[in-house]
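Worksheet: the structure to be examined is printed underneath.
The values are calculated or read from the model by the stated rules, or taken from the named source; none is laboratory data. Keep in mind that this is a model prediction, so the values were computed, not measured. Virtual Cβ from ideal backbone geometry, glycine too; neighbours counted across all protein chains shown. Ligands, DNA and RNA are stripped out before the accessible areas are found, and what is left, the full protein with its side chains, is counted by its heavy atoms. Shrake-Rupley method; radii C 1.70, N 1.55, O 1.52, S 1.80 Å.
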Amino acid sequence: MIGKLTTYLENNSGFTRYLKNTSWLMAEKVIRLLIALSVGVWVTRYLGPTEFGILSYAQSFVGIFAALSSLGLNDIIIRELVKSQDDHNVIMGSSFGLQTLGSTIIMVIIAISIYVNNDEPLTNKIIVILGLLTFINSFTIISSYFHSVVKSKYFALTGLVGVIISALIKIYLIVFEYSLIYFVYTLAFDVVFLAVGQIWYYKKMGHSLFTWRFSWSVSRVLLKDAWPLILSGIIVSIYMKIDQVMIKEFLGNSEVGIYSAAVRLSEAWYFIPTIICSSLFPAIINAKLKDDNLYMDRLQRLYNLMVVLGVVIILPVLLFSSWMIQILYGSEFIESAMVLNIHILGSVFVFLGVANQKWFISENIQAYNIICLGMGMMANILLNIAMIPTYGIIGAAYATLISQFIASVLAPVFFKKTRNSFFMMVRALLFVQIFKDRKLL
């Protein structure tokens, strides 16, 4: 068996090359997750609900506008670089200019919001720092170049070294009892280190930032292709972050901290469907080209798998949530357990949503995905307004759960072109095919 595998890899050097490239990214994600669940939890416990709430609110506030910085260009850049390496400097320069313009817009929005709001000076200071970091993030377009030439290990290596150094700094800050602002400076270090590392590897490969050239014509082409991604990115940012911003406005920083602690544990699993769906997507597309029945069968089995994985994650959390919160965060965060119990239920809808996005792409109807996400976003905002004042952070958790169901499962039923996916997801949620043939894939 091993001999056959070795022979296969030797005869498919292109496949092996992409596999190694992906493995670097996977290793970086796993290590980053492990550090987040260890050092990140320690930081949360050290800061306590109020200070952690201030930090989470600032991150969520800036995060709402993050799509204006990236402009959804990363995948577009990769595509254009693969198509034409001769235009490399123009593509990179134009992309960098557009993202810098987006960061400038973010800072204008932040300046106006600080002028009209009544947040504490420390909160505003953190928001400004995080906003300024979006300019540094513009340099991460270099990672798109690494992906285009199948050299993602340079991006992964920089990220791994940076996250390890950052974790050591955070431990030092905790041990010697530094204040919140120093943890914000550590976040800034993460961004700056990643940018500098990528620039260093980029230069090592024989390139220079000084050869980048901005072109309005190329920029217009990039924006024309990226606008659906920009719109969906803005919708997703609001959809994912607005609850924590609204909790701060209605209830205060401490409640944001308690809520955010639960959310971070719940969302820690969201990388799983992304990896699985990306891996299985080529097989689904291949089935679509060969046989429609095979195509629909594979889609149904993918939805089934997403539901099963969601349930496998949900059940242990429901059983041990209070114990987990007590051990990880301490008694100050005990209210996070109830939020976690509610928020984790949405995992199954999130998992289905990731799979459904692949279906939208395979059918080339991405516009409907934006509409469905927009419906979820509006539901989340309205439900938060209605439920937070009365039910507090529990209301926010229910608002998120309901809006996730609307965006991922319910919304497709309203459109003829997407209704079929709704019925497939319902069958998966009811375990129809699993009980019928007792297999997932």
Sorted list, accessible surface of protein heavy atoms, 1.4 Å probe, largest first, for M424, M338, M205 is M338, M205, M424
Measuring from its Cα centre, the stretch 45-201 shows a charge dipole (+1 at each Lys and Arg Cβ, -1 at each Asp and Glu Cβ) which, in debye to the nearest 20, is 280 debye
If each part is reduced to its alpha-carbon centroid, the stretch 339-363 and the stretch 167-242 end up apart, in Å, by 26 Å
So the FRET efficiency between A188 and T104, C-beta based with R0 = 22 Å and rounded to 0.05, is 0.75
Scaled by the rule-of-thumb 2.2 N^0.38 Å, the alpha carbon Rg for the stretch 281-373 gives a ratio of 1.45
Set K29/K416; K224/K290; K204/K224; K83/K288; K83/K416; K29/K170, cut-off 28 Å on Cα-Cα distance; pairs above it are K29/K416; K224/K290; K204/K224; K83/K416
Excluding ligands, DNA and RNA, the carbon-plus-sulfur percentage of the accessible area of the stretch 204-287 with a 1.4 Å probe reads 67 percent
By the Cα gyration tensor axes a ≥ b ≥ c (a/c under 1.5 gives rounded; else a/b larger than b/c gives prolate, otherwise oblate), the shape of the stretch 231-341 is oblate
Within the stretch 28-64, the residues whose backbone N lies under 18 Å from a label point placed 7 Å from the Cα of S331 along the Cα-to-Cβ direction are 45-50
So the FRET efficiency between T50 and L157, C-beta based with R0 = 56 Å and rounded to 0.05, is 0.90
A chain fully extended from W227 to S215 at 0.36 nm per residue, minus the present Cα-Cα distance, gains in nm 2.5 nm
The answer for the per residue Cα convex hull volume of the stretch 362-404, in Å³, is 49 Å³
Here the convex hull volume per residue of the chain, taken over Cα atoms and given in Å³, is 173 Å³
Taking a probe of 1.4 Å and leaving out DNA, RNA and ligands, the chain shows per residue an accessible area in Å² of 48 Å²
Computed about the Cα centre, the charge dipole of the chain from +1 Lys/Arg and -1 Asp/Glu charges at the Cβ has a magnitude in debye, to the nearest 20, of 1400 debye
D (µm²/s, integer) via Stokes-Einstein for the stretch 352-441, Kirkwood Rh across alpha-carbon pairs, 4 °C, 1.567 mPa s: value 91 µm²/s
What helix-only [θ] at 222 nm does the chain give? Using -39500 (n - 2.57) per DSSP H run of at least 4, over all residues, to the nearest 500, the answer is -28000 deg cm²/dmol
Note: R79 to D297 extended length (0.36 nm per residue) minus current alpha-carbon separation gives 75.5 nm
